[in-house]
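S.K.: Following this message is one structure expressed as structure tokens.
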Amino acid sequence: MIIEPRMRGFICTTSHPEGCAQNVKNQIEYIKSKGAINGAKKVLVIGASTGFGLASRITSAFGSDAATIGVFFEKEPAEGKTASPGWYNSAAFETEAHKAGLYAKSINGDAFSNEIKRQTLDLIKADLGQVDLIIYSLASPVRMNPTTGVLHRSVLKPIGDVFTNKTVDFHSGKVSEISIQPSSGDDIENTVAVMGGEDWSMWIDALKAENLLAPGATTVAYSYIGPSLTEAVYRKGTIGRAKDHLEATAFAITEKLADIEGKAFVSVNKALVTQASSAIPVIPLYISLLYKIMKEEGIHEGCIEQIQRLYQERLFTGKPVPVDEKGRIRVDDLEMRADVQEKIAKLWVEAVTENLSEIGDLEGYRKDFYNLFGFDVQGVDYKADANEMVNIESIG
């Protein structure tokens, strides 16, 4: 079938298998071009199919020759209907890993559930024995707590006051003002339940209880801080409370792993185009200005560059992992440079519909968005028939 992007609001409802595969190959080639990393050899990636999770799996496998197990929740293809992009990404990753003689297996299902945890533990026990790196990179708007049976829904809202600021519709390029009502009721608690550290801790507890963590095992979860421009809706909003909980959880996990000399870290990464960030008011405008400046300065990074640098320059140097005053690894350092943020603050005031294509990188934003779904990828013939019925080798 000929597959074209179909938009519904801020979401693309189709994805292109060959475009997704080419994206994965491009990331693999980048990692191979940067040389070997003396990293972990048996890696579990929870949330392995897109974004930072996918980049972590690729970096582990093709930077450190690691065996990887990836857990994700993706839509399979059906005749005449495409899979979600993460399905095609994972299929392509496994194909390339197996070609390279690397162990790679995947589990598709709700990572919050006891059932998927059990399936993963059994697979580690059978095939790897133990894991020495656990990446936690889940991004979901809802979570069913497997202990209480309560379904929690996260919200992205400010706390206390209405938040009003500029945003952009990245499809039309129209800059407008938006107001977001503050959180109410159980909004904060629900958001923390979905996006905080409880499930991360549950995973580590389950792995440790069955002796599946190697001595000195490391676990890393991903977070974001961002600038003062976005803090009312992000870091000081409901999602910020969840990130605070995630960061506190890292210390609690490190204490639990003291007997095996294991450690837990939160890595603060830079702002990038993701399915989630595209739906957050204010963020697309901020990212389009950020991209323009970082590209001009020659310091722009995508997911794969961020994770390669995290592994090469922070996690696996043979020295203690460098952290900030709150114990966090920072690979958002280039984004948060004072000169970069000063330029963004100045451009923010000036940004209007008429000048955004000049002062911002709206085209780069759009390209990255379509790339997420396998579209607008160089070297792919989008006029040719594509086979939507792609299998993941280890799932069948």
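S.K.: Can you report the number of residues in the range 130-150 which are open to solvent by 70 Å² or more (accessible area, probe 1.4 Å) and either in contact with a His (Cβ under 9 Å, 6 or more places away or on another chain) or touching a residue at least 40 places away in the same chain (Cβ under 8 Å) (or both)? Spell out how you get there, then give the answer.
M.R.: Taking the range 130-150 first, the residues open to solvent by 70 Å² or more (accessible area, probe 1.4 Å) are 139, 141, 144, 147-148.
Those left that are additionally either in contact with a His (Cβ under 9 Å, 6 or more places away or on another chain) or touching a residue at least 40 places away in the same chain (Cβ under 8 Å) (or both): 139, 141, 144.
Total meeting the criteria: 3.
S.K.: Inspect all residues belonging to the range 179-192 and state whether any of them is free of Cβ contacts under 8 Å to residues at least 24 places away in the same chain, in contact with a Ser or Thr (Cβ under 8 Å, 6 or more places away or on another chain), farther than 30 Å from residue 315 by Cα and surrounded by fewer than 13 Cβ atoms within 10 Å (Cβ to Cβ).
M.R.: Yes, some residue in the range 179-192 is free of Cβ contacts under 8 Å to residues at least 24 places away in the same chain, in contact with a Ser or Thr (Cβ under 8 Å, 6 or more places away or on another chain), farther than 30 Å from residue 315 by Cα and surrounded by fewer than 13 Cβ atoms within 10 Å (Cβ to Cβ).
S.K.: Out of all the residues in the range 281-300, is one or more over 30 Å from residue 1 (Cα atoms), touching a strand residue (DSSP E or B) at 6+ places or on another chain (Cβ under 7 Å) and among the basic types (Lys, Arg)?
M.R.: Of all residues in the range 281-300, those over 30 Å from residue 1 (Cα atoms) come to 281-300.
Then keep just the ones that are touching a strand residue (DSSP E or B) at 6+ places or on another chain (Cβ under 7 Å); that gives 281-282, 284-285, 288.
Applying the additional criterion that residues be among the basic types (Lys, Arg) yields none.
No: the range 281-300 contains no residue that is over 30 Å from residue 1 (Cα atoms), touching a strand residue (DSSP E or B) at 6+ places or on another chain (Cβ under 7 Å) and among the basic types (Lys, Arg).
S.K.: Only one residue in 96, 115 is assigned to a helix (DSSP H, G or I), without any contact (Cβ under 8 Å) to a residue 12 or more places away in the chain, open to solvent by 30 Å² or more (accessible area, probe 1.4 Å) and out of contact with any Asp or Glu (no Cβ under 9 Å at 6 or more places or on another chain). Which one?
M.R.: The unique qualifying residue is 115.
S.K.: Separate question: Could you give every pair whose Cβ atoms fall below 6 Å, whose first residue belongs to the range 337-356 and is in contact (Cβ under 8 Å) with a residue 12 or more places away in the chain, and whose second residue is surrounded by fewer than 19 Cβ atoms within 10 Å (Cβ to Cβ) and part of a helix (DSSP H, G or I), counting only separations of at least 6 or pairs across chains?
M.R.: If the second residue must be surrounded by fewer than 19 Cβ atoms within 10 Å (Cβ to Cβ) and part of a helix (DSSP H, G or I), the pairs left are 347/359.
S.K.: Just a yes or no: is a residue in the range 290-299 surrounded by fewer than 20 Cβ atoms within 10 Å (Cβ to Cβ), modelled with pLDDT of 95 or more and farther than 30 Å from residue 178 by Cβ?
M.R.: Looking for residues that are surrounded by fewer than 20 Cβ atoms within 10 Å (Cβ to Cβ), modelled with pLDDT of 95 or more and farther than 30 Å from residue 178 by Cβ, one finds at least one in the range 290-299, hence yes.
S.K.: Considering (1) within 21 Å of residue 389 (Cβ to Cβ); (2) surrounded by fewer than 24 Cβ atoms within 10 Å (Cβ to Cβ), say which one residue 82 fails and leave the rest.
M.R.: With (1) within 21 Å of residue 389 (Cβ to Cβ); (2) surrounded by fewer than 24 Cβ atoms within 10 Å (Cβ to Cβ) applied to residue 82, the lone miss is (2).
S.K.: Can you pull out every residue in the range 258-270 that is surrounded by fewer than 21 Cβ atoms within 10 Å (Cβ to Cβ) and part of a loop (DSSP other than H, G, I, E, B)?
M.R.: Once the filter is applied, which keeps residues that are surrounded by fewer than 21 Cβ atoms within 10 Å (Cβ to Cβ) and part of a loop (DSSP other than H, G, I, E, B), the range 258-270 yields only 261.
S.K.: Which of the residues spanning the range 230-245 are buried (at least 20 other Cβ atoms within 10 Å of the Cβ) and not basic (Lys, Arg)?
M.R.: Once the filter is applied, which keeps residues that are buried (at least 20 other Cβ atoms within 10 Å of the Cβ) and not basic (Lys, Arg), the range 230-245 yields 230, 232, 233, 234, 237, 238, 239, 240, 242.
The values are calculated or read from the model by the stated rules, or taken from the named source; none is laboratory data. Since we're looking at a predicted model, the values are computed, not measured. With ideal geometry, Cβ positions are generated from the backbone for all residues, glycine too; neighbour counts draw on all protein chains shown. With ligands, DNA and RNA removed, areas are computed over all heavy atoms of the protein, side chains included. Shrake-Rupley method; radii C 1.70, N 1.55, O 1.52, S 1.80 Å.
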